[in-house]
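Visitor: Sharing a structure here in C-alpha cells format.
The values are calculated or read from the model by the stated rules, or taken from the named source; none is laboratory data. Predicted model only: the values in this text are computed from it and were never measured. Please note: Cβ atoms are built from the backbone with ideal geometry, for glycine as well, and neighbour counts cover all protein chains shown.
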Amino acid sequence: MSDADTRLTLEQLHCERDDRVLFRGLSLTARAGEIWQITGANGAGKTTLLRILVGLHGFYDGGRHWWQPDWQRELLYLGHQPGVREELSPLENLDYACALNAQGGDAMAGLKAVGLQGFEDVPAAHLSAGQKRRIALARLWLAPKAVWVLDEPYTAIDQDGVAQLDARIQQAAEAGTLVIYTSHHQVGEGVRRLHLAKGRAEVLS
Amino acid sequence: MAFESFADFLAMGKHGFYVWSAYGISAFLIIASMVLALRGQGQVRQTLARQQRRAELDAEVNDESRT
Amino acid sequence: MSAFGAALKRELLVLWRSPAEMINPLFFFVMVISLFPLAISPKPEVLAVIAPGVLWVAALLAVMLSLDGLFRRDQESGVLELLLTAPVMAVVPVTAKLLAHWLLTGLPLVLVSPVLAHMLQLPNAVLGTVMLSLLLGTPALTIIGAIGAALTVGLNRGGILLAVLVLPLYIPVLIFGAGVIRAAAEGGAVNGILAILGALLALTASLGPLAVSAGLKISSGN
Amino acid sequence: MVWQTIKRWYHMLGSPRYFYTFSSLVLPWLTPIALVTLLTGLVWGLGFAPSDYQQGNSYRIIFIHVPASSGALMGYMALGVAGLVAVVWRMKMAEVMLKAIAPFGAALAAISLVTGALWGKPTWGTYWQWDARMTSMLILLFMYVGVIALQNVIRDPRQAARAAGLLAMVGVINVIIVKYSVEWVQTLHQGSTLKLFGESTINPAMKYPLLISMLGLWLLYAVNVLMRARTEVMWRERRSKWVAKLVTRPEKGER
C-alpha cells in the first residue's frame with residue numbers, strides 16, 4: 001500500500017462535547033481499499049467522528065486531510081437518518097440524492113438490488129423503517145465512489161440484507177473504495193477496527 | 001454653577017422629576033450591568049474551584065480504595 | 001438534470017404532496033384579515049385607512065408561520081445532512097427550496113390579495129399596486145425568514161425564537177410595502193416606493209441564500 | 001514599532017489566555033478612568049452647563065441620552081464585526097466578544113429609550129411619539145434581544161456564538177436600512193421633525209460636557225466588555241491548565 005493510495009489522514013484529532021472529551025490525540029491514515037469499522041458505546045462519539053470526517057461538524061482540533069481538494073465529489077455519506085422524505089417515492093428520493101451528489105447509475109437497478117422492486121413509486125411513508133433505510137443503501141449499488149462513510153448501515157436490516165451488504169462492501173473495497181462505517185457488526189476479515197471509549201480512540205487491528 | 005442653591009439644583013426648574021428619574025433609571029441599569037459582570041467573574045471562579053476540589057476528593061478516594 | 005433543476009422539482013413535489021403546507025398560510029392570511037373589520041370597525045372609511053397595514057401585517061405573519069416547515073422536516077429526516085455534504089454548493093439546493101417554498105406559499109397570498117383588499121374597502125384602482133407590492137415583498141420576507149429558520153432549525157422550541165429574530169428584520173419591507181399601498185390609495189406617486197421595495201428584494205435575493213446556507217451549516221455544527 | 005503592536009494585537013485577539021492576562025493589566029486602571037470621566041461629564045452637564053433658553057433644564061437629560069444612544073449603536077456595529085470574524089475566520093476571541101458585547105449594549109438601548117421618553121414628556125407633552133430616532137432605537141433593542149436570546153438557547157457555546165454572529169451581521173445591515181425606512185415614514189406624516197438631538201445646534205458650553213460623558217460611558221462599556229469577556233474566557237477554557245492554576249492561586253491583580 002504505497003503512499004499514493006492514502007485517502008484520509010487524521011492528526012491528533014481532538015473533540016469535546018457538553019464538557020466531555022469524546023476523543024483525543026486520534027491519528028490514523030486510511031488508504032484506498034481498506035474497510036474501517038468504528039465501534040464504541042452509545043454516546044462515545046462515533047457519529048460525531050463521522051460528521052467531522054464529512055465536514056458536517058467543524059468544532060474540533062487537530063488535522064483532518066482528504067487526499068484531494070474536491071473530495072466531496074467522491075464521497076458517499078449515509079447519515080444516522082436515512083435521508084428520505086416520506087412524501088416522495090423511493091425513486092424520487094434516490095433521483096434527488098443522486099442529482100445532489102453527482103452520482104450516476106440506474107436508480108431502478110439500485111432499488112432492485114436492495115429488494116425494493118415493486119415499491120419504486122410507493123410514497124416512502126407507507127414503507128417500513130428497514131425499507132426506508134434500503135432506499136438510502138440503494139446508492140451503494142449505483143456508480144462507485146472513492147470513499148464511503150456509512151453511519152450504522154446495518155440498523156433495521158434483516159438477515160439476508162446483512163449478508164448482501166457485507167458482500168457489496170467487500171466488493172467495493174476490492175475495487176479500491178475506502179469504506180468507513182460504524183456498527184457492532186463486522187463485515188469480514190481484514191477489517192481495521194477503531195474503538196472509541198472513555199475519551200480515547202485506539203486502532204485495534 | 002448654573003443654579004443659585006442646591007435646592008434649586010434639585011428642582012431643575014420644575015423639570016426635576018423627569019431629569020432625576022431619567023438619571024436614576026440610567027444609573028440603575030448601568031450599575032446593574034456592571035455588578036452582573038463582576039458577579040459573573042466571581043461565580044465562574046467559584047464553580048471552577050468547587051469542581052477542582054471535587055475532582056481532588058475523587059482522586060483521593062480512588063487512591064485510598066486502590067492502596 | 002442540473003442540481004438546481006432536480007432540487008426545484010423535488011421541492012415542488014414535496015410541497016405539492018403535503019397540501020397543508022400551502023393551505024395553512026393562505027387560510028391564516030384570510031382569517032387574520034377578517035378579524036380587523038370585526039375588531040376595529042366595519043365602516044368603509046375606517047377600513048380604507050387601515051387596509052394597507054392590515055394586508056401587509058397579515059401577509060408578514062402568514063409567511064413567518066410558514067417558515068417552520070421549511071427545514072425542520074428535512075433536518076429530522078436527515079435530508080439536510082445529505083444537502084450539506086453534497087459536492088454542489090449548498091446555496092444551490094437552498095435557493096431552489098426557497099423559490100419552491102415562495103411559489104407555493106407566498107404567491108397564493110399575492111393572488112388572493114385583491115379580493116381581500118376589496119373587502120377592506122380599498123378602491124379598485126389600488127388593487128394592482130396591492131398585488132405588485134406583495135409580489136415584490138413576499139419573496140423578501142420568505143428569504144429573510146429563512147435565515148432565522150436556518151439558525152433555529154435544530155432547536156426544539158424554535159418557533160417563538162424565530163419570530164423574535166426575524167420580526168426586526170422584516171420592518172423595512174413592511175414599511176415600504178404598506179407605504180406603497182397607502183401612497184396609491186392617496187393617489188400619490190407609487191413608482192419610487194416600488195423601486196425601493198424592488199431594491200430590498202434584490203439585496204435579499206442576492207445575499208439571503210448565502211446567509212441561509214451559512215446558517216444551516218452553523219446549525220449542523222460547523 | 002507599528003508592526004510590532006499590530007502583531008501583538010493579533011496575537012492577543014487569537015489566544016484567550018493572552019487576553020486574560022492582558023485584561024488583568026488593563027482593568028485596574030481603565031475602570032477608575034472610565035468612572036471619573038463619566039462622572040465629570042455628567043456633573044459638568046447637570047450642574048454647570050447653562051440652562052437652555054427654550055427647554056429650561058429638561059434638556060440636561062441629553063448628557064446621558066446621547067451617550068447611551070451612540071453606545072448602543074456602536075455596540076451593535078461591534079457585534080456585527082465580531083460576528084464577521086467569528087463566522088469567517090472562526091476566531092475564538094471573536095466568539096467570546098459576541099457574548100461580552102451584547103448585554104451592556106442592550107442596557108444602553110433601554111436607557112436611551114427611557115431617557116428619550118422622559119425627555120419627550122416635558123418637551124412635547126407625550127412620552128412616546130414614534131419619531132424616527134426613538135423607533136430605530138426600539139428596533140435596535142429588539143435586535144439586541146434577538147442576539148442574546150439566540151445565544152442562550154443554543155447549547156454548544158461555539159455554535160451559539162457563530163449563529164449569533166451571523167444574525168449580528170445581518171442585523172447591522174438591517175439597522176442601517178431601518179434608520180432610513182423609519183425616517184422615510186416620518187417625512188410622509190409630519191415633515192422632518194425638529195432636529196432636537198443634533199449636536200450642531202448645541203452651543204459649545206453644552207457640547208464639551210456631552211463629549212466627556214460620551215467618552216466616559218464608552219470607556220465604561222469597554223470595562224464591562226472586558227469583564228464579561230474574562231468570565232466567558234475562563235468558563236470556555238476551564239479544562240486548560242492555566243485556568244486550573246488560576247483558580248487555585250489568583251493573580252496579584254485579581255479582585
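Visitor: Taking the range A:153-182 as the search range and keeping residues that are touching a Lys or Arg at 6+ places or on another chain (Cβ under 9 Å) and of a type in the set (G, A, S), which one is farthest from A:N42 (Cα to Cα)?
Guide: Looking at the filtered set, the residue picked out is A:A172.
Visitor: Still on this structure, I have one more. Check C:A125, C:A183, C:A117, C:A189 and return the single one that is in a helix (DSSP H, G or I) and within 14 Å of chain D (Cβ to nearest Cβ).
Guide: Going through C:A125, C:A183, C:A117, C:A189 in turn, just one is in a helix (DSSP H, G or I) and within 14 Å of chain D (Cβ to nearest Cβ): C:A183.
Visitor: While we're looking at this one, here's another question. Looking at C:L122, C:L155, C:L169, can you tell me which residue is out of contact with any Pro (no Cβ under 7 Å at 6 or more places or on another chain), modelled with pLDDT under 95 and more than 18 Å from C:L55 (Cβ to Cβ)?
Guide: Among C:L122, C:L155, C:L169, only C:L155 is out of contact with any Pro (no Cβ under 7 Å at 6 or more places or on another chain), modelled with pLDDT under 95 and more than 18 Å from C:L55 (Cβ to Cβ).
Visitor: Now for a different question. Residues being more than 21 Å from A:E74 (Cα to Cα) and not charged (D, E, K, R): count how many of those fall in the range A:6-37.
Guide: 10
Here's the yes/no breakdown for (1) surrounded by fewer than 20 Cβ atoms within 10 Å (Cβ to Cβ); (2) within 14 Å of chain C (Cβ to nearest Cβ):
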| residue | (1), (2) |
| --- | --- |
| A:E11 | yes, no |
| A:D18 | yes, yes |
| A:L26 | no, no |
| A:R31 | yes, no |
| A:A41 | yes, no |
| A:R51 | no, yes |
| A:L56 | no, yes |
| A:F59 | yes, yes |
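Visitor: Another question, if that's okay. Could you go through the range A:136-157 and let me know if any residue there is over 21 Å from A:E34 (Cβ atoms), surrounded by fewer than 17 Cβ atoms within 10 Å (Cβ to Cβ) and not β-branched (V, I, T).
Guide: yes
Visitor: Separate question: D:R133 passes all but one of (1) in a helix (DSSP H, G or I); (2) surrounded by fewer than 24 Cβ atoms within 10 Å (Cβ to Cβ); (3) within 14 Å of chain B (Cβ to nearest Cβ); (4) not aromatic (F, W, Y); which number fails?
Guide: For D:R133, the exception is condition (3).
Visitor: Just one of the numbered conditions (1) modelled with pLDDT of 95 or more; (2) surrounded by fewer than 19 Cβ atoms within 10 Å (Cβ to Cβ); (3) away from chain B (no Cβ under 14 Å) is not true of D:Y18; which one?
Guide: (1)
Visitor: On to the next question. Within the range C:15-55, which residues are of a type in the set (A, V, I, L, M) and free of Cβ contacts under 8 Å to residues at least 24 places away in the same chain?
Guide: Those that are of a type in the set (A, V, I, L, M) and free of Cβ contacts under 8 Å to residues at least 24 places away in the same chain: C:A20, C:I23, C:M31, C:L35, C:L38, C:A39, C:I40, C:V46, C:V49.
Visitor: So if I check each of B:S33, B:S5, which one is farther than 22 Å from D:E237 by Cβ, small (G, A, S) and facing chain D (nearest Cβ under 10 Å)?
Guide: B:S33
Visitor: Which one is farthest from D:L108 (Cα to Cα) among residues in the range D:165-179 that are crowded, with 21+ Cβ neighbours inside 10 Å and out of contact with any Gly (no Cβ under 7 Å at 6 or more places or on another chain)?
Guide: D:V170
Visitor: Could you figure out which of (1) assigned to a helix (DSSP H, G or I); (2) closer than 21 Å to C:L161 by Cβ isn't true of D:R155?
Guide: (1)
Visitor: Can you name the helices (runs of 4 or more DSSP H) wholly within the range C:1-98 that have at least 1 residues being surrounded by fewer than 18 Cβ atoms within 10 Å (Cβ to Cβ), more than 14 Å from every other protein chain (Cβ to nearest Cβ) and in contact with a Ser or Thr (Cβ under 8 Å, 6 or more places away or on another chain)?
Guide: The qualifying helices (runs of 4 or more DSSP H) are C:20-39.
Visitor: Take the conditions modelled with pLDDT under 90 and among the β-branched types (V, I, T) and apply them to C:V49. Does it pass?
Guide: no
Visitor: May I ask you to list the residues in the range D:42-67 that are assigned to a helix (DSSP H, G or I), more than 13 Å from D:A205 (Cβ to Cβ) and within 7 Å of another protein chain (Cβ to nearest Cβ)?
Guide: Once the filter is applied, which keeps residues that are assigned to a helix (DSSP H, G or I), more than 13 Å from D:A205 (Cβ to Cβ) and within 7 Å of another protein chain (Cβ to nearest Cβ), the range D:42-67 yields D:S58, D:I61, D:I64.
Visitor: Looking only at residues in the range B:40-67 that are small (G, A, S) and closer than 11 Å to D:V247 by Cα, which one is farthest from the other protein chains (Cβ to nearest Cβ)?
Guide: Selected residue: B:G42.
Visitor: Under 25 Å from the mean Cα position of the chain (by Cα) and modelled with pLDDT of 85 or more: does that describe D:L196?
Guide: No; evaluated as a whole, the condition is false for this residue.
Visitor: Tally time: how many residues in the range B:1-46 are exposed (fewer than 14 other Cβ atoms within 10 Å of the Cβ) and not small (G, A, S)?
Guide: 11
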